[in-house]
Amino acid sequence: MELLKEQIASQGTVISEGVLKVDSFLNHAIDPKLMEQIGKTFAEKFSGDGITKIVTLESSGIAPALMTSLNLDCELVFARKRKSLTMLDKLYTAEVYSFTKQQTSEIAISKELLSENDHVLIIDDFLANGQAAFGLIDIIKQSGASIAGIGIVIEKSFQPGREQLEEKGYRVESLARISSLSNGKVAFIEEG
Ligand code: 5GP
């Protein structure tokens with residue numbers, strides 16, 4: 001997605017060989033026009049797939065997931081990282097190791113929000129080692145729902161997440177694929 005790549009190139013900061021900061025439009029501030037475009041692009045890729053629900057992870061997955069759900073006219077549910085006092089229902093849970101926080105936490109979705117009748121599209125902001133995606137897959141499988149694919153805003157293709165998800169047979173659609181963050185520069189995989 002050209003607009004996304006332009007914003008990564010102009011506003012992204014390479015923190016290290018493995019970490020990109022995009023706080024000005026995705027992870028802290030949110031750019032609504034960009035999110036609108038992201039939602040339309042994911043919806044084009046997955047339209048006709050019979051998606052009933054989008055599942056994401058709080059907090060940075062919510063904005064792109066919301067715009068996608070609006071365009072696909074389906075429901076949206078986000079997994080919570082912190083249990084809320086209102087989450088009194090029975091929960092599906094999974095352990096996720098966070099790439100950026102370098103700690104393991106439990107993520108949860110109320111059992112009443114996912115069912116075996118759902119056909120789910122997973123959306124997340126970044127794909128690195130695939131831990132977040134596999135945690136969401138774990139939860140979705142517990143509910144008996146099926147998975148149409150995984151939509152990623154920014155994929156770091158030099159890390160193994162995509163390969164591992166594809167090995168398990170999942171479809172991965174990423175809007176920007178980064179081949180390297182070496183020498184403080186963002187290099188993209190150019191796709192036809
Ligand atoms: P994974 O679970 O695939 O290893 O990492 C994906 C999660 O870690 C994303 O949900 C995102 O929050 C975070 N993450 C991974 N790499 C980066 C990065 O380079 N920059 C930012 N801002 N977040 C990242």
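The values are calculated or read from the model by the stated rules, or taken from the named source; none is laboratory data. For clarity, every value in this text was computed on a predicted model and none was experimentally measured. Please note: Cβ atoms are built from the backbone with ideal geometry, for glycine as well, and neighbour counts cover all protein chains shown. Note: areas computed on protein heavy atoms with side chains; ligands, DNA, RNA excluded. Shrake-Rupley method; radii C 1.70, N 1.55, O 1.52, S 1.80 Å.
General remarks:
- Residue selected from region 18-45 under the condition among the aliphatic types (A, V, I, L, M) and free of Cβ contacts under 8 Å to residues at least 60 places away in the same chain, by the criterion farthest from the ligand (Cβ to nearest atom): ALA43
- Residues that are within 20 Å of GLU75 (Cβ to Cβ), more than 12 Å from the chain's Cα centre (by Cα), at pLDDT 95 or above and crowded, with 16+ Cβ neighbours inside 10 Å do occur in region 130-140.
- Among (1) in contact (Cβ under 8 Å) with a residue 24 or more places away in the chain; (2) closer than 25 Å to SER10 by Cα, the one test that ALA187 misses: (1)
- The one condition from (1) more than 29 Å from GLU6 (Cβ to Cβ); (2) open to solvent by 50 Å² or more (accessible area, probe 1.4 Å); (3) of a type in the set (A, V, I, L, M, F, W, C) that LEU70 does not meet is (1).
- The single condition from (1) open to solvent by less than 20 Å² (accessible area, probe 1.4 Å); (2) within 13 Å of the ligand (Cβ to nearest atom); (3) free of Cβ contacts under 8 Å to residues at least 40 places away in the same chain that ALA65 fails is (3).
- Filtered residues of region 92-117 (kept if hydroxyl-bearing (Ser, Thr, Tyr), open to solvent by less than 90 Å² (accessible area, probe 1.4 Å) and either in a loop (DSSP other than H, G, I, E, B) or within 16 Å of the ligand (Cβ to nearest atom) (or both)): SER98, THR104, SER105, SER115
- Filtered by the rule that a residue be within 16 Å of the ligand (Cβ to nearest atom) and either open to solvent by 40 Å² or more (accessible area, probe 1.4 Å) or part of a strand (DSSP E or B) (or both), region 148-161 gives GLY149, ILE150, GLY151, ILE152, VAL153, ILE154, GLU155, LYS156, PHE158, PRO160.
- Residues of region 162-178 that are surrounded by 14 or more Cβ atoms within 10 Å (Cβ to Cβ) and either away from the ligand (no atom under 14 Å from the Cβ) or not in a helix (DSSP H, G or I) (or both): TYR170, ARG171, VAL172, GLU173, SER174, LEU175, ALA176, ARG177, ILE178.
- Selected residue (only one of ILE15, ILE8 is open to solvent by 50 Å² or more (accessible area, probe 1.4 Å), at pLDDT 95 or above and within 13 Å of the ligand (Cβ to nearest atom)): ILE15
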